[in-house]
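Derivation of every value follows stated rules applied to the coordinates shown; laboratory data play no part. The model shown is predicted, which means the values in this text are computed figures rather than measured ones. No Cβ is skipped: glycine too gets one built from the backbone with ideal geometry, and neighbour counts run over all protein chains shown.
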Amino acid sequence: MPGERENKVPFLQDLNWRLEAAAFQALFGFLRLLGVERASGFGGKLLRTLGPLTGTHKTVTRNLRIAFPDMDEDERNRLAVDQWEQTGRTFAELAVMDRLTPESGRIDLVGMERLHAIRDSGKPVVLISGHLA
């Protein structure tokens, strides 16, 4: 029939997706209650703790071994764990992105006058940026 989905998602898969979405929304709601600093710290500590327990951690350490063959093993492990913390902070900050303003003191905007000039020119532009912490 027109309008009817041909490939229905199995019930358990649909339920799993809905539970994941609810958990995600609950986590973001919790992070918003914490505010910027505490949300960032919580996310960092959470992934610093849980990240090394995942299978992905083995991939991270393997990639670091390939990228930095001369690096000491302890240093590589420290870098891998630090990476988890930074990833956790970045993820948690997504929940409070609307509060990350120049006035909050958490970000610096350098060269705004140049961006305003580009905007005012009416010409198309491609912006490339970095997330440096």
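For the stretch 43-56, the set of residues classified as buried (at least 18 other Cβ atoms within 10 Å of the Cβ) and not basic (Lys, Arg) consists of Gly43, Gly44, Leu47, Gly51, listed by residue number.
Any idea which of Arg38, Arg76 is out of contact with any helix residue (DSSP H, G or I) (no Cβ under 8 Å at 6 or more places or on another chain) and more than 30 Å from Leu127 (Cα to Cα)?
Working: Arg76 fails: out of contact with any helix residue (DSSP H, G or I) (no Cβ under 8 Å at 6 or more places or on another chain).
Sole residue among the options that is out of contact with any helix residue (DSSP H, G or I) (no Cβ under 8 Å at 6 or more places or on another chain) and more than 30 Å from Leu127 (Cα to Cα): Arg38.
Report, by residue number, each residue of the stretch 112-132 that is of a type in the set (Gly, Ala, Ser) and assigned to a loop (DSSP other than H, G, I, E, B). Listed by number, the residues that qualify are Gly122, Ser129, Gly130. For the stretch 57-67, a residue qualifies if it is surrounded by 12 or more Cβ atoms within 10 Å (Cβ to Cβ) and of a type in the set (A, V, I, L, M, F, W, C), and the qualifying residues are Val60, Leu64. Do the conditions hold for Val81, that is, is it more than 14 Å from the chain's Cα centre (by Cα), of a type outside the set (S, T, N, Q) and over 23 Å from Gly130 (Cα atoms)? Considered against the rule, which asks whether it is more than 14 Å from the chain's Cα centre (by Cα), of a type outside the set (S, T, N, Q) and over 23 Å from Gly130 (Cα atoms), Val81 comes out as no.
The set of residues from the stretch 68-111 being in a helix (DSSP H, G or I) and either at positive phi or surrounded by fewer than 10 Cβ atoms within 10 Å (Cβ to Cβ) (or both) comprises Asp74, Met97, Asp98, Glu103.
Could you go through the stretch 65-77 and let me know if any residue there is in contact (Cβ under 8 Å) with a residue 12 or more places away in the chain and out of contact with any Lys or Arg (no Cβ under 7 Å at 6 or more places or on another chain). Give the steps one after another, and end with the answer.
First, the residues of the stretch 65-77 that are in contact (Cβ under 8 Å) with a residue 12 or more places away in the chain: 76-77.
From the residues that got through so far, the ones that are out of contact with any Lys or Arg (no Cβ under 7 Å at 6 or more places or on another chain) too are 77.
Yes, the stretch 65-77 has at least one match.
The single condition from (1) in contact with a helix residue (DSSP H, G or I) (Cβ under 9 Å, 6 or more places away or on another chain); (2) free of Cβ contacts under 8 Å to residues at least 60 places away in the same chain; (3) among the aromatic types (Phe, Trp, Tyr) that Phe11 fails is (1).
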